[in-house]
1. Taking every residue in B:203-211, how many Cβ atoms of other protein chains lie within 10 Å of its Cβ, on average?
2. In nm, to one decimal, how far is the modelled label at A:L108 from the one at B:K250, with both set 7 Å along Cα→Cβ?
3. Might you report the magnitude of the Cβ-based charge dipole of the protein assembly as shown about its Cα centre, with Lys and Arg at +1 and Asp and Glu at -1, to the nearest 20 debye?
4. How large is the dipole of the stretch B:170-299 about the Cα centre if only Lys and Arg carry +1 and Asp and Glu carry -1, each at its Cβ, rounded to the nearest 20 debye?
5. Other chains' Cβ within 10 Å of B:49-55 residues: what's the mean?
6. Calculate one ³J(HN,Hα) per residue across the stretch B:162-170 by plugging θ = phi - 60° into the Karplus curve 6.51 cos²θ - 1.76 cosθ + 1.60, and present them in order as whole Hz with x for glycine and proline.
7. At 1.4 Å probe size, with the rest of the protein present, what percent of the exposed accessible area of the stretch B:342-419 is carbon and sulfur atoms?
8. Given the options B:P18, B:P286, B:P246, state which has the largest fluctuation in a GNM of chain B using a 10 Å cut-off (strictly under) for Cα springs.
Amino acid sequence: MSTENYVCIACPIGCPLELVHEGDQIVDVSGNKCVRGAKYARQEFTDPRRTFSTTVPIEGSNWARLPVKLAAPVPKDRILEAAQAVHQLRVQAPIRMGEVLARDLLGLDGVNVVATRSLGRA
Amino acid sequence: MFGRMNRRYDTVVVGGGPAGMGAALGALDAGAGKVLVLERDGEAGGILNQCIHAGFGLQYFREELTGPEYAERFLAQVIDRDIDVMPSSYVTGLAVDSEGTKQVRVLNERAGLASIEAASVVLAMGCRERTRGSIRIPGTRPAGVLTAGLAQKLVNQKGYLPGKRVAILGSGDIGLIMARRLTLEGAEVVGVFELMPYSNGLNRNVVQCLDDYDIPMHLSTTVVEIHGRDRLEAITVAPVDAHLQPQLDKARKVPCDTLLLSIGLIPDNELARQIGIQLDPVTGGPVVSSTLETSLPGVFACGNVLHVHDVVDYVTAESLRAGGFAGEWSREIRRPKDSIQLVPGNNVRYCVPHTLSPDREHTVFMRVKQRVEPARLRVGGLMEKTLRFVIPAEMISLKIQPEMLDRFHGDRLTIDIDPA
Ligand SMILES: Cc1cc2nc3c(=O)[nH]c(=O)nc-3n(C[C@H](O)[C@H](O)[C@H](O)COP(=O)(O)OP(=O)(O)OC[C@H]3O[C@@H](n4cnc5c(N)ncnc54)[C@H](O)[C@@H]3O)c2cc1C
Ligand code: SF4
């Protein structure tokens, strides 16, 4: 049996997590103050994923950039590739917060690019 | 927009960040009839507008939002309640007449200089970042040395990348967040250099902003020299000894074109100082009573102008309370004077508010001087609590119940945080 140590990133508390496994089989998770920590450790062990925020150029608004986020996480080793794909997008004001700007980024189901603020016309 | 504005309000709030918006809602809830928020920038939201990462609102909105989302949702509540929000309005002064009425002097982009009357005022001007001047790094003064918050604004709102090879001094959360942000934008972040033997940022940010991208964090290390004539070319870094003195024989040069400073925040209190409000030299913010009232009667303070907070949910909770007391004040409700002085004891750098009243529940915010793991927090002889660990970068929030103060007959209550 071996153990993996993680820091839970699901909330600012950052519980230190310990995951015990036998090969691919998870035997135990401890250190988490709530269920989200256990879920995070399992996910991190089997298929680590992250979301991120970035911006895309916007035309016709007072600001040069529209902030966006991913609606679902991408595999950790594809973050930079995903960021580059988001940076290719171009949008035009007005935009409403929550608007979906692109669907299924990199062909990943549910990984939509969503506007995180409204920007009116200048 | 200025044309619609009245000349008399029950409560006027200075600053339209989360603290200002929270105070306005709190004032309205407490019965203030007409409430005005004055914001210097072109839009309300404060620093949240540039904090595009997720991590806001877990407590207040019960979900994890990005800064702009938190600001937009919060502003929608404010506007829904018929609170006047006036952007591009810079408050330049405040005077109190013999009746106690406040005259708020404001410079508006279109309307010029105006004076607005208010029964009560809430200060919510936020904070500034410490700059190179506050830590005195020797060397040249090339372009490319800037604060992490300024870099955040340039990248996230203007779409301008400050450099290609970036070093970061200080492990505060803004610096960590910017390490990830700049990496996503294609810059190379060569490392984070932290003077203390521990990170000042949240562990989750060390994991998801540095470890995920293989960005090294060098603890007990500082920048001892800056090189470059017009543009930054390199920095010299050196490990520090137990007394935080750099060991120059172990110094090394790190080539980079940009240095971000993430070395702390200070309340923005020009206005408070100018009108003679008493300030706490430790927090840099006003001295306040348990109703978050400053030394000037009817003038309240909340958010980062009072003391620097690390999470916006704490700011919102505090400003709803401050606004509530300001709203009461405008209806001529006066609370009894506080009778208990709160005293920062062992390992406590400060606590806010500065005084308490035995008649109701209080939330006390405090910070420690040094890391202790685990720690025991004691409030006079009244209560004791064990904490897993305490670090200067993480604010501690403590509820004190009236039943507890009921049993207390002194006038000074000391808070100590010692190793458990
Ligand atoms: C650069 C930076 C990054 C941060 N990142 C994070 C983060 O990632 N996560 C987090 O939880 N917290 C973060 N914080 C902490 C953050 O400051 C608080 O969470 C919260 O935004 C503070 O709210 P506030 O309303 O007190 O201040 P602010 O949001 O700063 O709002 C103050 C407002 O007052 C206005 N103002 C100032 N003076 C005047 C005047 N004289 N007249 C009129 N208006 C005036 C300013 O323009 C500003 O809009 C960050 C802070 C800074 C400085
Ligand atoms: S386990 Fe729960 S409490 Fe601990 S960091 Fe994760 S989400 Fe937060």
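1. That average works out to 4.
2. 4.0 nm
3. Roughly 980 debye, rounded to the nearest 20.
4. Values: 9 positive and 17 negative charges, 22 e Å.
Using only the charged Cβ atoms, the result is roughly 100 debye.
5. 5
6. x, x, 10, 10, 10, 10, 10, 9, x
7. Exposed carbon and sulfur together represent 45 percent of the surface.
8. So, out of B:P18, B:P286, B:P246, the one fluctuating most is B:P246.
The values are calculated or read from the model by the stated rules, or taken from the named source; none is laboratory data. Since the structure is predicted, the reported quantities are computational estimates derived from the model, not experimental observations. A quick note on method: Cβ atoms are made from the backbone with ideal geometry, for glycine too, and the neighbour counts reach across all protein chains shown. Note: accessible area is taken over every heavy atom of the protein model, side chains too, but ligands, DNA and RNA are not part of it. Shrake-Rupley method; radii C 1.70, N 1.55, O 1.52, S 1.80 Å.
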